[in-house]
Amino acid sequence: MSDLTAPAREPTAGSVLFVTAVRLRRGPQGLQIDDQTAAGLCRWAEHFRHVTFGGILIEREKEEQTSVTWIDVRDLACHDRLSFVELPFAYKITSFFKQYRATRRRLAEEIRKADHLCFTLGYLFGDWAGVAALEAISQNRRYAAWFDRVEHDILRNEFSSFSFPRRMKERLTIPVMIAYHRYLTRRSAVGLFQGRDTYNAYARYSSNPNVIYDVHTQKTDRIPAAELQAKLERIASGGPLRICYAGRMAPMKGPEDWIDSIGHAIGVGVTLKARWLGDGPLFDKTKANVHEKGLDGGIVLEGYVSDRATLFSALRDSDLFVFCHKTPESPRCLIEALVCGCPIVGYRSAYPEGLVEEGGGVMTPPHDPKALGQVIAGHDANRPALAELLRQAARAGERFDEETVYAHRARLVSDFT
């Protein structure tokens, strides 16, 4: 991650307003944001004279059950170039409409002050970025529409985990949300679409669509040539296959399929060590699943890993990054794996396919753990092919570093809004 205490470069563009659904909270020393958002803000401050960031202020009791590293805003080297707009947590219909007028007035004031506008669109009720876009339209201002993922597809895939009332609510609101997002995309001056899945969903509605990537890897994170060579030699020696995954253990990540794919490879004779780094709501259930299937000897669930050096060491040490993502999203973990010289192998969708167009990964049919397990077994049996896949992954990872991707997005925002 970039040095959050290093002085920011002299910016070349004016002020910018971002409105997002990123969480903010009050800590003992004042306002806090998560460490990855903090890194991103310091990158934006390299390109814009002043950055105003709108996020959702949450109460401690409303914090989601996930592991976050919180950073005090006042400790950021770029803090003198930052302002924050604390937006209400209002995802219930009643609270959203109760807060709507006051929040829109506040957003209108910020929009008038900013030279450039960028709104990260996501949901319907409680999505203040969409309200900001409506206000920008009313002020005849140009703005960038940013989508991190295809929210309506993710909701549809999670229906089975919802309560009956919520299922009914989402079934009614999804068509409205789709139309709303398409309208806001059409009215935007530039579309920023995270990965190919998101691009394919929204590009046709944008007059200026662009694929972007949101990464926080540095050029120094790339696997050193000596480490890559040592890994290639280990693979050639025929030792146990090393597999990993890093991410939240949640339904959309497919931990059950992941366990089944590893289990199938073990069942056909592959000697391997697989590790999942990350916690989440399905951690206990997945751990029990591993034990029930007798896979404790091959699979280790390591839980939350806060140390980034430990995470990247695990990626560099692994031969395959196996994933079973269930929904069209754009997870950074796939890029991080490539940067660390670890091929990505998992369920086919446009996002991972776009990352490895020139090699570095293998895609399999979605929701088919057996097919994924067979690919794992095939690479274990064909070590020269696996070695070439590693070389391709390392080359693919050279495309992605924080400095380059933020400069690209800053140019799009400053040039077209």
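For residue 323, nonlocal amide neighbours, meaning residues 5 or more places apart or on other chains whose placed amide H falls under 5 Å from its own, are 345, 346, 347.
Placing R0 at 51 angstrom, the Cβ-Cβ distance between residue 29 and residue 381 gives a FRET efficiency of 0.40 after rounding to 0.05. Restricting the calculation to Cα atoms, segment 192-335 shows an Rg/Rh of 1.02 when the hydrodynamic-style radius is the Kirkwood one.
Database remark: amide H of residue 122 closer than 5 angstrom to the amide H of 130 (H placed geometrically; neighbours at sequence offset of 5 or more, or on other chains; Pro and chain starts carry no H). Note on residue 388 and residue 98: their simple-model spin labels are 6.3 nm apart, each label 7 Å out from Cα toward Cβ. With 0.36 nm allotted per residue and the present C-alpha distance subtracted, the residue 407-residue 166 stretch has 82.7 nm of extension available. With each label modelled as a point 7 angstrom along the Cα→C-beta vector, the residue 395-residue 183 pair spans 4.8 nm. Taking a straight Cα-Cα cut-off under 16 Å and skipping sequence neighbours fewer than 8 places away in the same chain, the lysines within cross-link reach of residue 253 are 285, 287, 326. With respect to the chain, whose longest principal axis is taken over its alpha-carbon atoms, helix 225-236 is tilted by about 40°. From most to least packed by mean Cβ count within 10 Å, the peptides 382-391, 181-190 give 181-190, 382-391. In the chain, Cα pairs under 8 Å separated by at least six residues give a relative contact order of 16 percent. The residue among 88, 301, 229 whose Cα reaches farthest toward the positive pole of the charge dipole of the chain, with charges on the beta-carbon of Lys, Arg, Asp and Glu, is 88.
Per residue, the solvent-accessible area of segment 126-200 (1.4 Å probe, heavy atoms of protein chains only, all protein chains present) comes to 42 Å².
What the phi angles of segment 91-102 give under the Karplus curve with 6.51, -1.76 and 1.60, with θ = phi - 60°, is a coupling list of 7, 7, 4, 5, 5, 4, 6, 5, 8, 4, 4, 5 Hz, glycine and proline written as x. In summary, segment 201-257 shows an alpha-carbon radius of gyration equal to 1.82 times the 2.2 N^0.38 Å reference for compact globular proteins.
3J(HN,Hα) couplings calculated from phi for segment 161-173 with the Karplus curve 6.51 cos²θ - 1.76 cosθ + 1.60 (θ = phi - 60°) are, in sequence order, 8, 8, 5, 4, x, 5, 4, 5, 4, 5, 4, 7, 8 Hz; Gly and Pro show x. The slack between residue 113 and residue 348, meaning 0.36 nm per residue of separation minus the straight C-alpha distance, is 80.2 nm. Computed over protein heavy atoms with a 1.4 angstrom probe, the accessible surface ordering of 168, 363, largest first, is 168, 363. Each Lys and Arg adds +1 at its Cβ and each Asp and Glu adds -1 at its Cβ; summed about the Cα centre, the chain shows a dipole of about 1380 debye.
Stretched out straight at 0.36 nm per residue, the stretch from residue 293 to residue 142 would grow longer than its current Cα-Cα span by 48.8 nm. Segment 115-133 and segment 355-417 have Cα centres separated by 30 Å. Expressed in Å, the radius of gyration and Dmax of the Cα atoms of the chain are 21.9, 66. In the elastic network of the chain, a GNM with C-alpha springs shorter than 10 Å, the most mobile of 28, 175, 328 is 28.
The values are calculated or read from the model by the stated rules, or taken from the named source; none is laboratory data. Not measured: the values here are computed from a predicted model. A quick note on method: Cβ atoms are made from the backbone with ideal geometry, for glycine too, and the neighbour counts reach across all protein chains shown. Accessible surface is based on the protein model in full, side chains and every heavy atom, while ligands, DNA and RNA are left aside. Shrake-Rupley method; radii C 1.70, N 1.55, O 1.52, S 1.80 Å.
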